[in-house]
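Visitor: Below you will find the structure I want to go over with you.
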Number of protein chains: 2
Amino acid sequence: MVPVEISARHIHLSQEDSDILFGKGYQLKQLKKLSQGADFAAEETVDIEVNEQEIRGIRVVGPSRAETQLELTFADSYKLKLDIPVRLSGNIAGTPGFRIIGRAGVVVKKEGLIIAKRHLHISPEEAEKYAMKKGDLISITCGELRKTTFHDVEVRVQAGFKFTAHIDVDEANACGLKVCGVGRLIL
Amino acid sequence: MVPVEISARHIHLSQEDSDILFGKGYQLKQLKKLSQGADFAAEETVDIEVNEQEIRGIRVVGPSRAETQLELTFADSYKLKLDIPVRLSGNIAGTPGFRIIGRAGVVVKKEGLIIAKRHLHISPEEAEKYAMKKGDLISITCGELRKTTFHDVEVRVQAGFKFTAHIDVDEANACGLKVCGVGRLIL
């Protein structure tokens, strides 16, 4: 069994972009600690403009990353009338751009908008135990109300990763998962 | 392989309710023929009030049914802050009520709001061929971008049913299905 967490739409910011959006040297305030490493949901939100439409109140997830990345859902892509690629976090080359409106300034990104690919976080020690390696695709069965098996869940191995699968809100709705839950690994 | 169709939120109306909402003896106008029997998406839409919130422009699906039934999604249930049960069409006892606003009148329903349970339409002849019977639960694998297996797909057998599985918009988003597609039956 593996814990399954649900990712709502959110944005990761580079320090450079954070400086423009919130002011030079601004430190994000932690609203809620998340499961992986130092990740936290910040108190701060930003507004986004993409394909001439606006989405207000996108939650910032800290700490700062090397590159700014906006994670939306298929449901959003229909509203925005925009094709958003399904990518693993960090793999943003050639993805759509967007405009970020913060309280101190505005940033225009040429790329960085993705739908997050379902994935499994695992430490090197646990990966060895389960005979998994980075990039493996596994399946996870979730949900009681609407039992669903998610295939092609990509394995991400990193020291300190907590053994947890991440799916997005569309996927959580499909399997009737309302908050975090557990799934059955199919190796 | 089985054709898979996506149901967006919609409402079925009894003739009695249709008379109040649109005027006595009103005939719904067909916008688009649907795959099952005489079903069609109507030109008419209604507004809904549920849990003190409004959803505008809910598509009516004709022809009239014995009982009025509103089909929303998990995504809607969060926006409405309302627990909506997952039910097979027609099984509405004890489900939440809602208010329907039409151009000629208003109807208050004490029950009838469901999230549609994923299901397979099949004729008696084809059911026999696949060794299926009414109420069987099967699995269907869909989607290339986000391969997903939907379990507990309930089999509905009726003369004239076209062999087709129905999933809702949350489920379609989870498997990356943008329009209708095909799935693989797992018996």
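The values are calculated or read from the model by the stated rules, or taken from the named source; none is laboratory data. Being a predicted model, the structure only gives us computed values, none of them experimental. All Cβ positions, even for glycine, are placed from backbone atoms using ideal geometry, and neighbour counts span all protein chains on display. Keep in mind that these areas ignore ligands, DNA and RNA; they rest on the heavy atoms of the full protein, side chains included. Shrake-Rupley method; radii C 1.70, N 1.55, O 1.52, S 1.80 Å.
Visitor: So if I check each of A:144, A:171, which one is surrounded by 14 or more Cβ atoms within 10 Å (Cβ to Cβ) and either within 14 Å of the chain's Cα centre (by Cα) or within 14 Å of another protein chain (Cβ to nearest Cβ) (or both)?
Guide: None of the others qualify; the one that does is A:171.
Visitor: Now for a separate question. Say whether the condition of being buried (at least 21 other Cβ atoms within 10 Å of the Cβ) and either farther than 21 Å from residue A:39 by Cβ or of a type in the set (A, V, I, L, M) (or both) is met by at least one residue in segment A:179-187.
Guide: Among the residues of segment A:179-187, not one is buried (at least 21 other Cβ atoms within 10 Å of the Cβ) and either farther than 21 Å from residue A:39 by Cβ or of a type in the set (A, V, I, L, M) (or both), which makes the answer no.
Visitor: Quick check on segment B:63-112: of everything there that is in contact (Cβ under 8 Å) with a residue 60 or more places away in the chain and assigned to a helix (DSSP H, G or I), which residue is surrounded by the most Cβ atoms within 10 Å (Cβ to Cβ)?
Guide: Among those residues, the one meeting the criterion is B:74.
Visitor: I'd like the residue in segment A:132-141 that is free of Cβ contacts under 8 Å to residues at least 24 places away in the same chain and in contact with a helix residue (DSSP H, G or I) (Cβ under 9 Å, 6 or more places away or on another chain) and, out of all such residues, is farthest from the other protein chains (Cβ to nearest Cβ).
Guide: A:134
Yes or no, residue by residue, for (1) on the phi > 0 side of the Ramachandran plot; (2) at pLDDT 95 or above; (3) among the polar types (S, T, N, Q):
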| residue | (1), (2), (3) |
| --- | --- |
| B:8 | no, no, no |
| B:13 | no, yes, no |
| B:18 | no, yes, yes |
| B:23 | yes, yes, no |
| B:30 | no, yes, yes |
| B:37 | yes, no, no |
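Visitor: Quick one: what pairs do we get from segment A:115-131, first residue more than 14 Å from every other protein chain (Cβ to nearest Cβ) and outside any helix (DSSP H, G or I), second open to solvent by 50 Å² or more (accessible area, probe 1.4 Å) and among the aliphatic types (A, V, I, L, M), C-beta under 9 Å, 6+ apart or different chains?
Guide: From residues that are more than 14 Å from every other protein chain (Cβ to nearest Cβ) and outside any helix (DSSP H, G or I), the pairs are A:123/A:159; A:130/A:187; A:131/A:187.
Visitor: Give the residues of segment A:143-187 that are assigned to a strand (DSSP E or B), of a type in the set (A, V, I, L, M, F, W, C) and modelled with pLDDT of 95 or more, sorted by residue number.
Guide: Residues satisfying the conditions are A:150, A:153, A:155, A:157, A:165, A:167.
Visitor: Kindly indicate whether residue B:140 is at pLDDT below 95 and under 20 Å from residue A:184 (Cα atoms).
Guide: In short, no.
Visitor: Another question about this same structure. I'm trying to understand the selection: among the residues of segment A:51-63, which are modelled with pLDDT of 95 or more and either of a type in the set (Ser, Thr, Tyr) or within 19 Å of residue A:95 (Cα to Cα) (or both)?
Guide: Within segment A:51-63, A:53, A:54, A:55, A:58 meet the criteria.
Visitor: Which of the residues spanning segment A:174-187 are within 14 Å of chain B (Cβ to nearest Cβ) and among the hydrophobic types (A, V, I, L, M, F, W, C)?
Guide: Those that are within 14 Å of chain B (Cβ to nearest Cβ) and among the hydrophobic types (A, V, I, L, M, F, W, C): A:174, A:175, A:177, A:179, A:186.
Visitor: Moving to a separate point now. Taking segment B:2-57 as the search range and keeping residues that are out of contact with any helix residue (DSSP H, G or I) (no Cβ under 8 Å at 6 or more places or on another chain) and of a type in the set (S, T, N, Q), which one is most open to solvent (accessible area, probe 1.4 Å)?
Guide: B:27
Visitor: Please go through segment B:147-168 and pick out each residue that is farther than 13 Å from residue B:117 by Cβ and away from chain A (no Cβ under 11 Å).
Guide: Result: B:157, B:158, B:159, B:160, B:161, B:162, B:163, B:164.
Visitor: Within segment A:148-157, is even one residue in contact (Cβ under 8 Å) with a residue 40 or more places away in the chain and more than 14 Å from residue B:174 (Cβ to Cβ)?
Guide: yes
Visitor: Report yes if some residue within segment A:154-165 is surrounded by fewer than 18 Cβ atoms within 10 Å (Cβ to Cβ) and under 18 Å from residue B:146 (Cα atoms); otherwise report no.
Guide: yes
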